[in-house]
Structures are given as structure tokens and as C-alpha cells.
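First up is the structure itself, then whatever we jot down about it.
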């Protein structure tokens, strides 16, 4: 097993040797040989810095450990090897040897949720792996702005996964074990945690590959269509995409009356419903907005059908009624989200719709020819934040 001198351990965490000695003194570190620390000891040094930053007195932690009330032995488990330490390389040195701008390299740490480092700060071991990906992109001529967008979206998406996973572990393992009288600091070292950690990583990667298959297939289809069109072998009927907003009537009042748990249950039910329905009709949820969801549909017609199905599904599920607005037109895609006037107008249409109603713009009606949906014009409507009156239509199923 690799071991570290006290000086090496301090360097790998970014503290002084005196800080390490202080942890030995208070009993947080109890190595068999004070001159050679284990990887688990080094992780305990790093955790101690986080405890101190959180306002937890290290003297108190050490005293509790001596009394057997607290243990940090779980940090010796192999699963915690993913807690990355500092390398001996600075961001500036890494930039010099990789030809990746230092301003781009520092985004790695920002995207992972930490403060922006300086060029003279040390790079973490796992950041060296990310840097190899950045180096390959720069060598291939990718634009730094595009590289940064991808990095930030990856970081934000993985943050949500990691935080939800931590909440899942706390609610399903830590809290029940604590209620049964087990010591919380021993739970993470169980065989279950090590087994599930590996399975979780495999599942996340498999899900990522599934998402890649869908996204890459879209790129392949678009490229082939463009090639065939240029050769005069294919004519694509261009239809603008549709943005759709679904809002739950009285969501805020309901959550205030019933509390946060009711809000979470409502969001979970709604999430399952809208995910399944939108994907069935060729669209996808883009983001959650507190009391509703924003969707993107490449084709407006199926988007209207999906909206009607979702409104009906919300009622069937016993949820408060939903109201929906759709508008078709050009959109800007950036960092996993959609922007532009089309998005704003669709949101305003949803605000105007009454409970149980699906309202669409004239552009959606014109792009929905051949769709098995009936439209009833409700006349020019003045919408908040929209300069001109819009011709809106109420969508329904044909009689």
C-alpha cells in the first residue's frame, strides 16, 4: 500500500505539516507510524479541513473519537479512493505543457462546484484526467467557448446526480440505521455502500450511453438529410420547433398548505407523467420551473397531441389541473437550455391559458397540418410582455 510522509500528506491536501501534527495531537489521526500515513489518513486530513470550515471543533471530534462515539475508519474503504487529492502540478504548469489556456483549465474546478482557482494553485488528480480531454479538443481545433459550455453542463448535470444520490443514501440507509441505534459514521463503510457505488457508476454510464444514442442519432439524421438535399435527392419539409410550457394550477398554494413533502410528491408524479408522454410524441422536458415544466418538440403537431395527453393525464392522476401554452418558431440552444422570443411567447401563452386548457399560436396551427387535433380560434389576445396581439387557438381532440 502507498504511504505518505507527514510532509507529503500535507502537500497532497494543501495544508501545513503543523496542521497534520495538530490532528495527531487531538486524536483525529492515529497512525501506527507517525512518519508514514496511509491513504485513509490523508483523506482524514482533508475531511478535517472541511469539518473545520463547517464550524465543527476538531478538539471535540477528537475527544468523541477517543471515547468511541465517533469513528472515521470508513475513510479506509476502497470506495473513498475516488476522493481526489492534489497533484504536484499547478494550473499554469499544466497549461504550459498541454497548450490548454489556463482560463479554460480553471473552469474544471468551477464546473465541479468549487471556487475558481488561481494559476498557481495545484491541480487535483482527477482534474488531470479532465485536462486530457480538454487538450484533445484544443488540438482538434475546438473553440474554447464550446468546450467551456460542455464542461459546465456536465458539471451541473453531475452535481444534480451526486446530490440526489447522497439524499437517496441518507434517506434509505443512514436515517433508518440511525433510528435503529447504529452509529452513523460506520454506515458508509458497509459492504452495501461499496457494492452500490460500483453499480451506480455503471448505471450512470449506461444511462449516459443511452442518451448519447438518441442525441447522436439526431446528428446523423440531420447530416444525411443535408447531404441528400444538397444532392437534390431529398426535400425536407422545414417546420419550426415548438416550445411548450405546462403549469400546474394552484401549485404554490398547494405546497404552502401541505408542505414540502407534498410538493416533492407532486413533482415526482408530474415528472413521471410528463417525461413518458413528451418522449412518446418526439419531445423532451428541458427544465423544471417550480410550478411547471418547459418542453421542446421538434414538430409542433405531435407537441399539441402530447400537451392534450398531459392535461388529461394530470387529471387522471388526481393532480391539480394543468394549463399549457405552445408557440412555434426559431430557438437558440445553449448549455442544455433553449432561449429566444419563441420561448418567451410560449410562456406567456401558458400564463393566459385557463385550467385544463391547451392554447397555441397561429404558427403552431399552421405547422400542425395533418395532425389529428381540432383548433378553435379565440381571437387576438394581448399577452403580457408581447408587443403585438396574437391570434390564439384552443386545441382539443376532434369530435
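Points to keep in mind about this one:
- Counted residues, segment 262-281 - those being in contact with a helix residue (DSSP H, G or I) (Cβ under 8 Å, 6 or more places away or on another chain) and either without any contact (Cβ under 8 Å) to a residue 24 or more places away in the chain or within 20 Å of residue 323 (Cβ to Cβ) (or both): 9
- Residues being closer than 19 Å to residue 68 by Cβ and either in a loop (DSSP other than H, G, I, E, B) or in contact (Cβ under 8 Å) with a residue 60 or more places away in the chain (or both) - total across segment 1-57: 8
- Residue in segment 293-309 that is part of a strand (DSSP E or B), touching a residue at least 12 places away in the same chain (Cβ under 8 Å) and out of contact with any helix residue (DSSP H, G or I) (no Cβ under 9 Å at 6 or more places or on another chain) present: no
- Candidates 119, 101 - the one that is closer than 18 Å to residue 148 by Cβ and touching a strand residue (DSSP E or B) at 6+ places or on another chain (Cβ under 8 Å): 119
- Leading residue by the ranking (surrounded by the fewest Cβ atoms within 10 Å (Cβ to Cβ)) among those in segment 332-348 that are in a loop (DSSP other than H, G, I, E, B) and in contact with a helix residue (DSSP H, G or I) (Cβ under 8 Å, 6 or more places away or on another chain): 335
- Candidate set from segment 135-156 (those that are touching a residue at least 24 places away in the same chain (Cβ under 8 Å) and in contact with a helix residue (DSSP H, G or I) (Cβ under 6 Å, 6 or more places away or on another chain)); member that is nearest to residue 96 (Cα to Cα): 135
- Residue 162 being in contact with a helix residue (DSSP H, G or I) (Cβ under 9 Å, 6 or more places away or on another chain) and either free of Cβ contacts under 8 Å to residues at least 12 places away in the same chain or in the same structural domain as residue 204 (by TED's automatic domain parsing) (or both): no
- Within segment 315-331, the set of residues being in a strand (DSSP E or B) and more than 20 Å from residue 390 (Cβ to Cβ) comprises just one member, 322.
- Any hit, segment 321-331, residues being surrounded by fewer than 19 Cβ atoms within 10 Å (Cβ to Cβ) and within 22 Å of residue 269 (Cβ to Cβ): yes
- Being surrounded by 13 or more Cβ atoms within 10 Å (Cβ to Cβ) and farther than 28 Å from residue 197 by Cα holds for only one residue in 95, 71, 87, and it is 95.
- Meets criteria (assigned to a helix (DSSP H, G or I) and in contact with a helix residue (DSSP H, G or I) (Cβ under 9 Å, 6 or more places away or on another chain)) for residue 110: yes
- Matching option when the condition is touching a strand residue (DSSP E or B) at 6+ places or on another chain (Cβ under 8 Å), farther than 21 Å from residue 376 by Cβ and at pLDDT 90 or above, among 303, 325, 283: 283
- Residues that are surrounded by 21 or more Cβ atoms within 10 Å (Cβ to Cβ) and closer than 23 Å to residue 250 by Cα, drawn from segment 349-368: 349, 350, 353, 358, 359, 360
- Qualifying residue in segment 44-62 (condition: touching a helix residue (DSSP H, G or I) at 6+ places or on another chain (Cβ under 8 Å), surrounded by 14 or more Cβ atoms within 10 Å (Cβ to Cβ) and modelled with pLDDT under 90): no
- Candidates in segment 369-399 are the residues that are closer than 21 Å to residue 312 by Cα and out of contact with any strand residue (DSSP E or B) (no Cβ under 8 Å at 6 or more places or on another chain); of these, the one that is surrounded by the fewest Cβ atoms within 10 Å (Cβ to Cβ) is 372.
- Test set (1) part of a helix (DSSP H, G or I); (2) surrounded by 14 or more Cβ atoms within 10 Å (Cβ to Cβ) - residue 157 fails condition number: (2)
The values are calculated or read from the model by the stated rules, or taken from the named source; none is laboratory data. Because the structure is a prediction, the values reported are computed rather than measured. Ideal geometry is used to build each Cβ from the backbone, glycine not excepted, and the neighbour counts take in all protein chains shown.
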